[in-house]
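Undergrad: Questions regarding the structure given below will be posed in turn.
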Amino acid sequence: MSDQPLPPAGGPAAPYDALLLLSFGGPEGPDDVVPFLENVTRGRGIPRERLKEVGQHYFGFGGVSPINAQNRALLDALRKDFAEHGLDLPVYWGNRNWDPYLTDVLRAMAADGRRRIAVLATSAYASYSGCRQYRENLADALATLAAEGVPELPRVDKLRHYFNHPGFVQPMIDGVLASLAALPPEVRAGAHLVFTTHSIPTAAADTSGPVEEHTEHGEGGAYVKQHLDVAKVIADAVRAETGTERPWELVYQSRSGAPHIPWLEPDICDHLEALHEAAAPAAVMVPIGFVSDHMEVMYDLDTEATAKAAELGLPVARSATVGADPRFAAAVRELVLERAAAERGEPVERCALGLLGASHDLCAVGCCPARAPRPAAAGADSPYTR
């Protein structure tokens, strides 16, 4: 059990008595790398030797993923923000694929008497891997606790997608402005903006979001639409601040699937080559699809894409992710309080930039479907929510 006391009943976060920061996880040393990758790829039959090859990205950084330190920093920022604003809500942290494991943390939360848990996933957009898979992991953990005979399972509610919340977007705008200022003056005015996110199979993109937002033939569904909306908000804000209209495009990185399966394109390195061929003077890479500077940002952008740009002679800068920015911590507090008010049946004002509006609280049936049906918590089809 933890030493975090139960919050007072009836406070501004009621009915919630805890917040769970739910993330992907990452290795903490060289010996962790292959076991971590085995967790990530469990059930896919990938040989251990292949995992050792993939693990070279981690071995190049001492076998340590930066994501865990970044989550600890975010935990500190959340607790600091909550305390400064009088929100007496304990914050826990659990991972899908490494220690602290989600099931262990939920078990500890149940032992601590937590009965209604708000969940923040470190993924801002709609997709199977960015939303429903987290919900499946929550359902798996709750099923384990039920099998262990935990007398009262906590209810978990996943907070809405926050891709267009001002507290998520504004730090990225500032990051782009800082990166532009870091470019050589002679290329700064003509620099292109290259918004990046994780590539996913086109079939998964097309079925992302609620059923009414699903598309066909690689159009990308809610996943692409949400990223494009955020990219436009940032590009418009940068134009307003600098007085310069800049070309921009949404591109993709970190593809990991079989070559014969279509994934979202263009790849970041291919796009840099296209910019060079078009005589673009410079580019700023803007990782809008990622909450923090974890391995995929540090390797795929800071290492691989930056090396490609150097090979081409194309000046580039990479803007910062949101990480533990205090404005993001404040946004999380707002997300908790708005969901709590909605659960109490009170009117709610939801913050959102761009044209899409605030996302839904409860994932509907058919939202970001899995390849094979599996129970998922915190949705309309959850066996554990209602």
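Undergrad: Under a Cβ-Cβ cut-off of 13 Å, what is the net charge of the residues other than Arg72 that fall near it, where Lys and Arg count +1 and Asp and Glu count -1?
TA: Summing Lys and Arg as +1 and Asp and Glu as -1 gives -1.
Undergrad: Next up: What does the highest-first list of 42-53, 199-210, 93-104 look like by mean Cβ count within 10 Å?
TA: Highest to lowest by the protection proxy: 199-210, 93-104, 42-53.
Undergrad: Given [x] 167; [y] 140; [z] 150, which label gives volume of the Cα convex hull per residue in Å³ as computed from the coordinates?
TA: Comparing each candidate, only [z] matches the computed number.
Undergrad: Could you give the angle, 0 to 90 degrees to the nearest 10, between helix 166-182's Cα long axis and the longest principal axis of the Cα atoms of the chain?
TA: 30
Undergrad: Give, rounded to the nearest 20 debye, the magnitude of the charge dipole that segment 191-299 has about its Cα centre when Lys and Arg contribute +1 at Cβ and Asp and Glu contribute -1 at Cβ.
TA: 220
Undergrad: Next question. I'd like the orientation of helix 326-343 relative to the chain: the angle between its Cα long axis and the longest Cα principal axis, in ° from 0 to 90, rounded to 10.
TA: Compared with the principal axis, the helix lies near 40 degrees.
Undergrad: Only bridges whose two residues both fall in the chain count here: according to DSSP, what percent of them are antiparallel, nearest 5? Display every interim value, and only then the final one.
TA: Values: 2 of 32 bridges.
If we restrict to bridges inside the chain, about 5 percent are antiparallel.
Undergrad: Right, something else. Using a Cα-Cα cut-off of under 30 Å, which lysines could be cross-linked to Lys52, ignoring same-chain neighbours fewer than 8 residues away?
TA: Hits, sequence-local ones excluded: Lys308.
Undergrad: Put +1 on the Cβ of every Lys and Arg and -1 on every Asp and Glu Cβ in the chain; which of Gly243, Gly62, Ala139 then has its Cα farthest towards the positive end of the dipole?
TA: So the residue we want is Ala139.
Undergrad: Only Lys, Arg, Asp and Glu count, each charged at its Cβ (+1, +1, -1, -1), so figure out the dipole size of segment 211-369 about its Cα centre, rounded to 20 debye.
TA: Value, rounded to 20: 380 debye.
Undergrad: Please give the helix 268-277 orientation as an angle from the longest Cα principal axis of the chain, in degrees from 0 to 90, rounded to the nearest 10.
TA: 20
Undergrad: What accessible area per residue comes out for the chain, rounded to a whole number of Å², with a 1.4 Å probe?
TA: Result: 42 Å² per residue.
Undergrad: Then there is this: Okay, helix-only estimate at 222 nm for the chain: each DSSP H run of n ≥ 4 adds -39500 (n - 2.57), divide by all residues, round to 500 deg cm²/dmol; what do you get?
TA: Calculated mean residue ellipticity at 222 nm is -11500 deg cm²/dmol.
Undergrad: Percent of accessible area on segment 51-100 owned by carbon and sulfur, 1.4 Å probe?
TA: The computed percentage sits at 54.
Undergrad: In segment 294-384, with Lys and Arg counted as +1 and Asp and Glu as -1 at Cβ, which of these residues, Gly357, Pro315, Gly379, has the Cα nearest the positive end of the dipole, that is, farthest along it?
TA: Gly379
Undergrad: Just to check I understand the Karplus step: with θ = phi - 60° and J = 6.51 cos²θ - 1.76 cosθ + 1.60, what whole-Hz values come out for segment 188-201, glycine and proline as x?
TA: 4, 5, x, 5, 8, 9, 10, 7, 10, 8, 5, 5, 9, x
Undergrad: To continue, here is another question. How large is the dipole of segment 300-386 about the Cα centre if only Lys and Arg carry +1 and Asp and Glu carry -1, each at its Cβ, rounded to the nearest 20 debye?
TA: Dipole about the Cα centre, nearest 20: 220 debye.
Undergrad: Still on this structure, I have one more. Leaving ligands, DNA and RNA out of it, rank Cys351, Cys363 by accessible area with a 1.4 Å probe, largest first.
TA: Order by accessible area, largest first: Cys351, Cys363.
Undergrad: OK, next. First compute the accessible area of segment 234-299 with a 1.4 Å probe, then give the percent of it belonging to carbon and sulfur atoms.
TA: Whole-percent figure for carbon plus sulfur exposure: 50.
Undergrad: Follow-up. Report the net charge of residues surrounding Glu219, where surrounding means a beta-carbon distance below 10 angstrom and charges are Lys +1, Arg +1, Asp -1, Glu -1.
TA: Summing Lys/Arg as +1 and Asp/Glu as -1 gives -1.
Undergrad: Please list Glu273, Glu304, Glu265 in order of solvent-accessible area, largest first, computed with a 1.4 Å probe with all protein chains present.
TA: In descending accessible area the options line up as Glu265, Glu304, Glu273.
Undergrad: Show the residues, 5+ positions off or on another chain, whose built amide H is closer than 5 Å to the amide H of Val251.
TA: Phe195, Thr196, Thr197
Undergrad: In segment 1-136, with Lys and Arg counted as +1 and Asp and Glu as -1 at Cβ, which of these residues, Leu75, Pro47, Ile117, has the Cα nearest the positive end of the dipole, that is, farthest along it?
TA: Value: Pro47.
Undergrad: Need one number: nm distance between label points at Ala364 and Glu219, each 7 Å from Cα along Cα→Cβ, rounded to one decimal.
TA: 1.6
Undergrad: Taking all protein chains together and a probe of 1.4 Å, list Trp248, Trp263 from the most accessible to the least accessible.
TA: Putting Trp248, Trp263 in descending order of accessible area: Trp248, Trp263.
Undergrad: Further question on the same structure: Please state the relative contact order of the chain as a whole percent: Cα pairs under 8 Å, 6+ residues apart?
TA: Relative CO of the chain lands at 23 percent.
The values are calculated or read from the model by the stated rules, or taken from the named source; none is laboratory data. Everything numeric in this text was worked out from a predicted model, so none of it was measured. Please note: Cβ atoms are built from the backbone with ideal geometry, for glycine as well, and neighbour counts cover all protein chains shown. When the accessible area is computed, the model is the full protein with side chains, heavy atoms only, and any ligands, DNA or RNA have been set aside. Shrake-Rupley method; radii C 1.70, N 1.55, O 1.52, S 1.80 Å.
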